[in-house]
Amino acid sequence: MSGSVLMLDRLNRSYGGVPVVQDLSLEAPGGAFVALLGPSGCGKTTTLRMVAGLDRPDSGRVMVAGRDITALPPHRRNVGMVFQSYALFPHLTVRSNVGFGLRMAGVGRSERNRRAMDALGMVGLTDHAGKKPRQLSGGQQQRVAVARALAIEPALLLLDEPLSALDAKLREELRVEMRLLQRRVGATALFVTHDQAEALAMADLVAVMQSGRIVQLAPPEEVFERPATAYVAGFVGRSARLQGTLRLGVIEAGTLQLRVSRLPPGLGEGSPAHVFVRPHRIRLLATGASADNVIEGTILALDYTGETVRVVVGTSLGQVPVDLSTNDGAWHAVRPGGPVRLGWRADDSLCFPL
Amino acid sequence: MLPALGRRAAGWLLCAPALAVLTAAFGWPMLLLLRMSLNTTDSDGVLVPGLSMSTYDSLATSRDTWLLSLDSLRLAAVSASVALLLCYPMALLVFRSRSRFRALLAIAAVAPLLVSGTVRVIGWLALLGDNGMVNSGLRLVGLSPVALINNWTGVQIGLSESVMPYTVLTLLAGFGRLDVRLEEAAATLGARPLRAFWAVTFPLTLPAALGAWLLAFVLGVSAFVTPKLMGGGRVFVLSTQIYDAATQTLDWPAASALSVYVLLMLLLFLLAQSALNRLATS
């Protein structure tokens, strides 16, 4: 567990003069589950492919367990990879798929079959060992792909959008299952996703990427609660976004003064600023109640999702999303078109330079 | 209008024009061919109408038929194999190319189809003839020239080339199941490139390769222009024999019977292939 298993050192990669990955550095401690999170085209898959050796960096180093593997071809890296499309060999049985890496390593048939069955056991698919991949459901194929990658006992497990091809409910089940599995085998894992909920739910460390760079590398809670930039705040989780100008320690927005408890360093008097507020931090204020920040508006829409009701409130500063818990019946009083007062704490205002 | 007819009737109706053309231009001549093969020729070479199997009998008992068949099959098999060996790497390259010239590559591979088979053969004659490029080159470096036309070697070279475009097309169409990710997955699992090829790429492309080989083989057995022109009258195969019987000795029943024989043989190969395919996919 000690030391970093994966270290990326100032990786650069460009295609036809267009930089895709820029000065990307990252350290993952042993046993950690690290998410590369970002929109499509941000360079996260290219980064993963450079770790696997399927793509070469123009400059920079890839270190695994203290060894520089930048120049090694993929077949000499001992890195397990789960592809987005799973890339199971269609002509081989599930057992042969899982045992493929061992076969390449020259492990004898009986030993190979035993270890392949062990790996299949970890994902609960021993009953399907004799089937061809196409006879399995999407979720089962995904688990075979994971078992195949784990069977070679890799130094590092790489996952490229491993759950994106599955339906929402299965995706949430497999999130938990994969997390447990990764903990059990103790593998260090790097996975790529564009789904911020997936990254927050599964990862120990989230690396938020923007245009080929990591803009924040932190545990999920920190990424969500203290996003490093307006981009991170906007990409991870939903927010009310308000715009104003810094005047005497508060953000002046229209006729309102927004209180924030932490001002970003370097934001000068009179500079324009963004204020983000998470929907679940905004409360409906009863008549006479007050808060650090108060804004009045009209209910535009209600969206009942089960655990919460998502309310959209139209205000003088634009639309503000508010999440109300359905734990009590209070939300029943909220009606579209009705006037409403919203409040939140200064601590919950996330302020960024514009 | 169509819904009122019902799906089945609509289907037949849509096929009707093509069926009509096929019946008139293919079905009817085939029937005529079959009918002609049942006539006989007397010793003076006069056509005797009738319903007799005697032409087939003499074909089946003639040693020449078997020798011709063997030569034809061997020629076609070697041509198909040479074409497959040359086309497989090329098709793989075109299929996997992500270059913007990919379409151009694919077109280049099948471009020979745009030129008439006769013209291509004449091109080969110019290259392989006694004063052609190859032999001139050999003479230039002080080597003695080799006979590359008007013999089996020439026909073999010409036929291999003439079936190549079809081979490339069939391979490209059959590579559908191939996915670069599979080779990448094999690499991450420790497979060297050559090992990944044999363990993954090759088995997945095998059905396409077999299909391409068979198509080239069938085309090779029925090829006429190349054996006729490049063989210079010294290479005899089933197709040239049919042509000679029909136009030189004017023995139409024999030509017809031999045609039917070739047709049945090729049909047998096609049936064998589809049976093999079913076996492989089950």
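Looking only at segment B:175-191, count how many residues are out of contact with any Ser or Thr (no Cβ under 7 Å at 6 or more places or on another chain) and in a helix (DSSP H, G or I).
First pass over segment B:175-191, keeping only residues out of contact with any Ser or Thr (no Cβ under 7 Å at 6 or more places or on another chain): B:176-177, B:179-180, B:182, B:184-191.
Adding the requirement that they be in a helix (DSSP H, G or I) leaves B:176-177, B:180, B:182, B:184-188.
Here the count works out to 9.
Only one of (1) touching a Ser or Thr at 6+ places or on another chain (Cβ under 9 Å); (2) assigned to a strand (DSSP E or B); (3) buried (at least 17 other Cβ atoms within 10 Å of the Cβ) fails for residue A:260. Which number is that?
Checking residue A:260 against (1) touching a Ser or Thr at 6+ places or on another chain (Cβ under 9 Å); (2) assigned to a strand (DSSP E or B); (3) buried (at least 17 other Cβ atoms within 10 Å of the Cβ), the one that fails is (2).
If residue A:306 satisfies all but one of (1) assigned to a loop (DSSP other than H, G, I, E, B); (2) of a type in the set (Gly, Ala, Ser); (3) under 14 Å from residue A:352 (Cβ atoms), what's the number of the condition it fails?
Tallying (1) assigned to a loop (DSSP other than H, G, I, E, B); (2) of a type in the set (Gly, Ala, Ser); (3) under 14 Å from residue A:352 (Cβ atoms), residue A:306 fails exactly one: (3).
List pairs: first residue in segment A:126-142 and in the same structural domain as residue A:170 (by TED's automatic domain parsing) and modelled with pLDDT of 95 or more, second residue surrounded by fewer than 17 Cβ atoms within 10 Å (Cβ to Cβ) and in a loop (DSSP other than H, G, I, E, B) anywhere in the structure, Cβ distance under 6 angstrom, at least six positions apart or on different chains.
Here the result reads A:133/A:90, each pair linking segment A:126-142 to a residue that is surrounded by fewer than 17 Cβ atoms within 10 Å (Cβ to Cβ) and in a loop (DSSP other than H, G, I, E, B).
Looking for whichever is within 30 Å of residue A:148 (Cα to Cα), within 14 Å of chain A (Cβ to nearest Cβ), in contact with a Pro (Cβ under 9 Å, 6 or more places away or on another chain) and assigned to a helix (DSSP H, G or I) here; the options are B:204, B:194. Which one fits? So that I can check it myself, show each step before the final result.
Working: B:194 fails: in contact with a Pro (Cβ under 9 Å, 6 or more places away or on another chain).
When all the criteria are applied, what remains is B:204.
Give me the residue from segment A:315-345 that is surrounded by 12 or more Cβ atoms within 10 Å (Cβ to Cβ) and more than 16 Å from residue A:276 (Cα to Cα) and, out of that set, nearest to the chain's Cα centre (by Cα).
Residue satisfying both the conditions and the ranking: A:324.
If I ask for residues that are assigned to a helix (DSSP H, G or I) and either touching a strand residue (DSSP E or B) at 6+ places or on another chain (Cβ under 9 Å) or under 12 Å from residue B:75 (Cα atoms) (or both), which ones from segment B:212-230 would you list? Talk me through it step by step, then tell me what you get.
At the first step, the residues of segment B:212-230 found to be assigned to a helix (DSSP H, G or I) are B:212-222, B:225-230.
Correct list: B:216, B:217, B:218, B:219, B:220, B:221, B:222, B:226, B:227.
Which residues, counting only those in segment A:263-276, are assigned to a strand (DSSP E or B) and either at pLDDT below 90 or within 12 Å of residue A:353 (Cβ to Cβ) (or both)? Can you show your working first?
Initially, segment A:263-276 is screened for residues assigned to a strand (DSSP E or B), giving A:272-276.
Within segment A:263-276, A:272, A:273, A:274, A:275 qualify.
Counting only residues that are in contact with a Lys or Arg (Cβ under 7 Å, 6 or more places away or on another chain) and either surrounded by fewer than 17 Cβ atoms within 10 Å (Cβ to Cβ) or not aromatic (Phe, Trp, Tyr) (or both), give me the strands (runs of 3 or more DSSP E) lying completely in segment A:170-238 with at least 2 of them.
On the way: elements: A:188-193, A:205-210, A:213-218.
Because the criterion is at least 2 residues that are in contact with a Lys or Arg (Cβ under 7 Å, 6 or more places away or on another chain) and either surrounded by fewer than 17 Cβ atoms within 10 Å (Cβ to Cβ) or not aromatic (Phe, Trp, Tyr) (or both), no strands (runs of 3 or more DSSP E) in segment A:170-238 meet it.
Go through segment B:166-191 residue by residue and tally those that are hydroxyl-bearing (Ser, Thr, Tyr) and within 11 Å of chain A (Cβ to nearest Cβ). Working first, answer last.
Going residue by residue through segment B:166-191, those that are hydroxyl-bearing (Ser, Thr, Tyr) are B:166-167, B:170, B:188.
Adding the requirement that they be within 11 Å of chain A (Cβ to nearest Cβ) leaves B:188.
Final tally of qualifying residues: 1.
Looking at this structure, is residue B:77 over 16 Å from residue B:258 (Cα atoms), of a type outside the set (S, T, N, Q) and part of a helix (DSSP H, G or I)? Walk me through how you get there before you give the answer.
Numbers: over 16 Å from residue B:258 (Cα atoms): yes; of a type outside the set (S, T, N, Q): yes; part of a helix (DSSP H, G or I): yes.
Yes: the conditions hold for residue B:77.
Kindly indicate which of A:252, A:225 is within 15 Å of residue A:347 (Cα to Cα) and acidic (Asp, Glu). Reasoning before the result, please.
Numbers: A:252 fails: within 15 Å of residue A:347 (Cα to Cα).
Matching residue, one of A:252, A:225: A:225.
Taking the condition of being of a type in the set (Ser, Thr, Tyr) and either touching a strand residue (DSSP E or B) at 6+ places or on another chain (Cβ under 9 Å) or facing chain B (nearest Cβ under 7 Å) (or both), how many residues in segment A:70-88 meet it? Please lay out each step first, then the result.
Here is the first cut: in segment A:70-88, the ones of a type in the set (Ser, Thr, Tyr) are A:70, A:85-86.
If we keep only those that are either touching a strand residue (DSSP E or B) at 6+ places or on another chain (Cβ under 9 Å) or facing chain B (nearest Cβ under 7 Å) (or both) too, we end up with A:70, A:85.
Of the residues in segment A:70-88, 2 are of a type in the set (Ser, Thr, Tyr) and either touching a strand residue (DSSP E or B) at 6+ places or on another chain (Cβ under 9 Å) or facing chain B (nearest Cβ under 7 Å) (or both).
If only one of A:126, A:93 is surrounded by fewer than 19 Cβ atoms within 10 Å (Cβ to Cβ) and in contact with a helix residue (DSSP H, G or I) (Cβ under 6 Å, 6 or more places away or on another chain), which one is it?
After ruling out the rest, the residue left standing is A:126.
The values are calculated or read from the model by the stated rules, or taken from the named source; none is laboratory data. As the structure is a prediction and not an experimental result, all values here were calculated from the model. Note that we place each Cβ from the backbone using ideal geometry, even for glycine, and neighbour counts take in every protein chain shown.
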